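Reviewing the structure listed below.
Every number in this text was worked out from the coordinates using simple rules, so none of it is lab data. Please read all numbers here as calculations on a predicted model, not as lab measurements. All Cβ positions, even for glycine, are placed from backbone atoms using ideal geometry, and neighbour counts span all protein chains on display.
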Amino acid sequence: MTNPPIPSGYKLMPQPAVTPAMTAWAVKILREPQSYPMFATTIQAFNGLTVLARVEWHGPDFQNHAVHRGVTLYTSAQPNSGLALADGVDLSGYQPVVDFAKTAASGVAFAFIKATEGTTLVDHAFVRHWVEAKQARLLRGAYHFFRPKQDAVAQARLFLAQLSDPGELPPVLDVEVADGVAAAQIVAGIGAWLDVVAGSFGRPLIYTSPSFWNLLPATAELATKADLWIAHWGARTPASANGWQRWTFWQFTNRATVAGIPGMDDMDEDRFNGSVEELRAYSAEFVAARPRKVDGCDAEPARA
């Protein structure tokens with residue numbers, strides 16, 4: 001009983017890189033022999049990483065004492081399968097008027113939109129941007145600007161209160177200022193915010209820069225709770241941030257010109273670590289895993 005050669009353009013997935021979501025996917029394939037007969041293949045994206053699963057013969061192990069049917073996972077031998085990365089933008093009240101139809105027509109696939117800051121501020125353009133981006137069929141994620149001096153749980157509740165429509169991409173915590181707070185206290189506040197928001201929306205993203213993040217202590221646990229949106233302008237590839245092996249989104253410039261958004265050379269522009277098709281798969285996986293109920297809270301926000 002022999003298996004075909006490794007699929008062209010792929011390499012064996014290292015065992016430490018296999019996530020629980022990948023394992024659950026492989027088990028599902030294994031339990032559907034009619035849909036996935038021997039040597040059948042299928043592809044899915046996990047956090048922007050393209051994974052190919054193939055049904056193969058596996059040798060005896062501690063659970064199966066004879067050659068048996070199993071699923072082997074492969075990853076692309078070339079980053080992002082050689083496909084162009086999906087482009088996006090991030091917006092706030094500093095861009096009060098946006099023609100999202102033009103933005104989408106230019107090739108932009110997603111938008112992160114500022115919702116809140118601290119414990120009282122709701123971005124004055126959020127509701128309009130949120131609705132109009134959806135009408136233009138952009139994939140949307142909302143972000144909260146973190147103020148370390150203010151109560152992290154109250155900040156999370158203010159953020160959740162704005163999102164009766166939770167969007168298609170993970171919620172984001174923007175971590176970029178210390179506000180004079182001790183580093184250990186910043187880390188504790190980040191963890192508290194992530195825990196509250198993840199309970200309602202699923203696994204969040206952290207937006208940060210390597211220069212800020214890498215000065216914080218004991219961030220490894222935080223990286224297990226969130227994916228990374230890295231801000232590193234003008235680099236060929238972004239520098240690493242402690243705790244993560246790879247980035248999911250990358251803010252690669254703050255000097256972009258984007259169709260439908262007034263202003264020249266003063267826009268943030270972002271990339272997803274995968275193609276548009278892989279971004280859609282990432283979004284679909286996130287939405288499918290999101291808790292059914294979204295916690296709300298009563299808050300009296302001040303409009304910025």
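Its Cα gyration tensor gives the range 102-160 an equivalent ellipsoid, and the semi-axes of that ellipsoid, as √(5λ) in whole Å with the largest first, are 27, 10, 8.
If the cut-off is 19 Å between C-alpha atoms, which aspartates and glutamates fall inside it for LYS102, apart from same-chain ones fewer than 8 positions away? Of all the aspartates and glutamates, those that pass the test against LYS102 - Cα under 19 Å, at least 8 places apart if same chain - are ASP87, ASP90, GLU132, ASP265, ASP266, ASP268, GLU269, ASP270. Rounded to the nearest 10 degrees, the angle from helix 126-135 to the longest Cα principal axis of the chain is 40 degrees.
Treating only the Cβ atoms of Lys and Arg (+1) and Asp and Glu (-1) as charged, compute the dipole magnitude of the chain about its Cα centre; round to the nearest 20 debye.
Details: 25 positive and 29 negative charges, 147 e Å.
Roughly 700 debye, rounded to the nearest 20.
Cβ crowding within 10 Å ranks TYR143, TYR74 as TYR74, TYR143, fewest other Cβ atoms first.
The orientation-averaged shadow of the Cα convex hull for the chain, equal to a quarter of the hull surface, comes to 17.5 nm².
Only Lys, Arg, Asp and Glu carry charge here, each on its Cβ (+1 for the first two, -1 for the last two); on that basis the range 88-229 has a dipole of about 220 debye about its Cα centre. Between 0 and 90 degrees, rounded to the nearest ten: what's the tilt of helix 20-30 against the longest Cα principal axis of the chain? Approximately 40 degrees, to the nearest 10.
Can you give the Kirkwood hydrodynamic radius for the range 39-174, in Å, rounded to one decimal and based on Cα pairs? Don't jump to the answer; show the numbers that get you there.
Values: mean 1/r = 0.0553 Å⁻¹.
By the Kirkwood definition, the hydrodynamic radius is 18.1 Å.
Between amide H atoms placed 1.01 Å from N, distances below 5 Å from TYR10 occur with ALA77, all of them 5 or more places distant or on a separate chain.
Here the sum of -39500 (n - 2.57) over DSSP H runs of 4 or more residues, divided by the residues of the chain, equals -7500 deg cm²/dmol at 222 nm, to the nearest 500. Using only the C-alpha atoms, the convex hull of the range 215-273 corresponds to 103 Å³ per residue. Length gained on full extension, ASP165 to ASP266: 33.5 nm, using 0.36 nm per residue less the C-alpha separation.
Per-peptide packing, taken as the mean over residues of other Cβ atoms within 10 Å, places 86-97, 32-43 in the sequence 86-97, 32-43 from highest down.
Which FRET efficiency value, to the nearest 0.05, do you get for ALA40 and ALA84 by plugging their Cβ-Cβ distance into 1/(1 + (r/R0)^6) with R0 = 30 Å? Before the final figure, lay out each step's value.
Details: r = 29 Å, r/R0 = 0.95.
Here the calculated transfer efficiency is 0.60.
Across the options ALA115, ALA84, LEU158, the greatest Cα extent toward the positive end of the charge dipole of the chain (unit charges at beta carbon of Lys, Arg, Asp, Glu) belongs to ALA84. Residues TRP229, TRP57, TRP250, TRP25, ranked from the fewest to the most other C-beta atoms within 10 Å, line up as TRP57, TRP25, TRP250, TRP229. Arranged from fewest to most other beta-carbon atoms within 10 Å of their beta carbon, THR120, THR224 become THR224, THR120. May I ask for the angle, rounded to the nearest 10°, between helix 276-289 and the longest principal axis of the chain, with both axes built from Cα atoms and the value confined to 0 to 90°? So the inclination is approximately 90 degrees.
Would you mind telling me the antiparallel percentage of the DSSP bridges in the chain, rounded to 5? Numbers along the way, then the final one.
Details: 27 of 53 bridges.
Approximately 50 percent, going by the DSSP bridge assignments.
Scaling against 2.2 N^0.38 Å puts the C-alpha radius of gyration of the range 8-58 at 1.12.
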